[in-house]
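None of the figures in this text is laboratory data; all of them are computed from the coordinates on show. None of these values were measured; they are calculated from a predicted model. Quick reminder, even Gly has a Cβ in these numbers, built from the backbone with ideal geometry, and neighbours come from all protein chains shown.
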Amino acid sequence: MSNWEILWSARDQFWSGFFSTMEIFGLSISAAFAIGCGMLYLLEGSRPRLTVPLRVFIDGMRMLPFLILAYLLYYGLPAFDIRLDAWWSGVGALAVYHGCYFAEIFRGARLTFPPGQVEAAKAHGFTKGKMFFRLILPQIVMQTRPLLGNQLIYALKDTAFLVIITVQELTAAANSLSGTYFIPTEAFIVVIGFYWAVSVVMEIIIKQCGRFSAKRGFDHV
Amino acid sequence: MFEKSTSESVRSEQTTPERTAPARTAVSIRHLSKSFDGVEVLRDVDLEVREGDVVTILGSSGSGKSTLLRCINWLERPDSGSIHIGGQRIGVNDAGRPMPVRELARVRARTGMVFQSFNLWPHLNVLHNVTEAPIHVLGKSKAEAETHARELLEKVGMSAKADAYPSTLSGGQKQRVAIARALAMQPEVMLFDEPTSALDPELVGEVLAVIRDLSAEGYTMIVVTHEMAFSRAVSDKVVFLDKGLIIEQADPETFFTNPSTERVRKFLEREES
């Protein structure tokens, strides 16, 4: 049996790793997006007691290697009597880490948001919350679309780190097959194919979303 | 309604004085002062605007015209003085404290503002720019808001562009949409902050025509402008600001032909030349 035939016979293991990766990725990236939006909203006010610690937290996360955060959640939290299993530690680490990146991307765009539009909203009787969610946030998301696409790919790749805290995802599947049959090259080539395929599909989707914003004059696709 | 009040005016004079009294006050500004970094921009400004009146505010750049207008809906916070819109004080509650944001938003919604730089919301199409605040601030139903919005777009000559996005419109078209957007709130007073200053000269006319139509329909309006001919044609009252002081307030005929101050005379001469 050739090495490729061995891998083909073990394809169920790849598929289950792949679905696990996609599940982790989908859940954590959705949570990260929500965290990013929530942080941007909290940064809206001019209350330094809230905004200064938040900025420090965001910067702290961005300057931290992702793997360390995953370690902290999985091995460090039990010291405080909080026990998350590997899967939830991984999802939580990804969500918080990339949530901070999202927040930073949004914050950059918010700085250049036209103040006249905010004034127009106030003049029409909008209060902070509705103004943020209906007028500011949609525009910020459209404007930062290419950066968000980039961040999604980073997040996808970071899921591979979770093999180190024993999460059974795609890289773990390749790892285990290469260990069992001594065929590392072929096993890892297969997972590269998976990661590439997902990335390419995401790129296409993000690009298609660009048409929506281009129609509104946000960028040119 | 007008005829009725004249025919009844004699009989009802004592029982219902407000019916025969002159038009009610739409905006009342008292002792308004405002400084930016120690520079006095408005100094003890008093201004009354009656319902249905068009007041234009003239003055050179930096005279405080825009600041005065922006104080009316509290986009700028005055340092002292008071502003009432339809009898309701803005910005300060009965206890003399800063108004809670929700209450402030409600009073603001009684005014409509049109900006120099339009400030349309670019992610929404023309129709949704106009319906956004009626639905999400006033709580109108979508159907009701859209029907009203289409009427207003018709009024400003923009109904053909209801589905277009702001980025595809000319400056004059954007400003007409912005006027419709402000009107959709059914404000008691419309505030125009140099509505034609950012427009190409050939687009100024279409916007001024819309504002002129509104004045004919009896809207209460306060217009900060540099357009002298327009001011003369539409105003019930012309106000001249100089270094934060109102130095002249008159009907347009008097203002433009026989101003009482040397400063205004010089200003008008320069404009004509």
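From zero outward in steps of 10 Å, how is the percent of C-alpha pairs of chain B spread across the bins? Values per bin, smallest distances first: 6, 27, 33, 24, 8, 1. Semi-axes of the equivalent ellipsoid for the range A:1-51, computed as √(5λ) from the eigenvalues of its C-alpha gyration tensor and ordered from largest down, come to 46, 8, 5 Å.
In this Cβ point-charge picture (+1 for Lys and Arg, -1 for Asp and Glu), the range A:3-215 has a dipole of about 1240 debye about its Cα centre. Once you reduce the range B:25-80 and the range A:185-221 to the center of their Cα atoms, the two points are 53 Å from each other.
Pairs to check: A:LYS122/B:LYS174; B:LYS142/B:LYS174; B:LYS155/B:LYS237; A:LYS128/A:LYS157; A:LYS130/B:LYS174. Give those whose C-alpha atoms are more than 28 Å from each other in this structure.
The answer is A:LYS128/A:LYS157.
Overall, the anisotropy analysis places the range A:3-215 in the oblate class: the square-rooted eigenvalues a ≥ b ≥ c of its C-alpha gyration tensor yield a/c not less than 1.5, with a/b not exceeding b/c. Neighbours of A:SER2, meaning other residues whose beta-carbon lies under 15 angstrom from its beta-carbon, give a summed charge of -1 when Lys and Arg score +1 and Asp and Glu score -1. Label-to-label distance for B:GLU144 and B:THR257 is 4.8 nm, based on points extended 7 Å past Cα in the beta-carbon direction.
Determine the equivalent ellipsoid of the protein assembly as shown by diagonalising the alpha-carbon gyration tensor, then write out the semi-axes as square roots of 5 times the eigenvalues, largest first, rounded to whole Å.
So the three semi-axes of the protein assembly as shown are 61, 24, 20 Å.
Counting Cβ atoms of other protein chains within 10 Å of each Cβ in B:120-127 and taking the mean gives 6. Here the dipole of chain B is about 720 debye; that uses its Cα centre as origin and unit charges on the Cβ of Lys and Arg (positive) and Asp and Glu (negative).
By the beta-carbon count within 10 Å of each Cβ, the least crowded to most crowded order of B:SER197, A:SER30, fewest first, is A:SER30, B:SER197. Taking every alpha-carbon pair under 8 Å whose residues sit at least 6 apart, chain B reaches a relative contact order of 23 percent.
DSSP finds beta bridges in the protein assembly as shown, and of those with both partners inside it, around 55 percent are antiparallel. With each label modelled as a point 7 angstrom along the Cα→C-beta vector, the A:MET22-A:SER46 pair spans 4.9 nm.
Positive-end ranking of B:HIS84, B:HIS136, B:SER63 along the dipole of chain B, with charges on Cβ about the Cα centre, is headed by B:HIS136. DSSP assigns beta bridges within chain B; of those with both partners inside it, close to 55 percent run antiparallel. Projecting the Cα atoms of A:PRO65, A:HIS98, A:TYR181 onto the charge dipole of the range A:3-215, computed from C-beta unit charges around the Cα centre, puts A:HIS98 farthest toward the positive end.
By the combined test of axial Cα extent (at least 18 Å) and Kyte-Doolittle hydropathy (mean at least 0.0), the qualifying DSSP H helices of chain A come to A:11-44, A:48-62, A:86-111, A:184-215. Peptides B:250-262, A:110-122, B:103-115 ranked from most to least packed by the mean count of surrounding Cβ atoms within 10 Å: B:103-115, A:110-122, B:250-262.
Considering only alpha-carbon pairs that sit under 8 angstrom and 6 or more positions apart, the relative contact order computed for the range A:3-215 is 30 percent.
Give me the percent of Cα-Cα pairs in the range A:139-214 that sit more than 15 Å apart, rounded to a whole number. Result for the distance tail: 62 percent. How far apart, in nm, are two points set 7 Å out from the Cα along the Cα-to-Cβ line at B:SER170 and at A:LEU67? My value for the distance between the label points is 6.2 nm.
Dipole size in debye (nearest 20) for the protein assembly as shown around its Cα centre, Lys and Arg Cβ +1, Asp and Glu Cβ -1?
Result for the protein assembly as shown is approximately 660 debye, rounded to the nearest 20.
Over the residues of chain B, the helix contribution to mean residue ellipticity at 222 nm works out to -11000 deg cm²/dmol, using -39500 (n - 2.57) for each DSSP H run of at least 4. Per residue, the Cα convex hull of the range B:156-271 amounts to 122 Å³. The range B:81-142 and the range A:64-126 have Cα centres lying 32 Å from one another.
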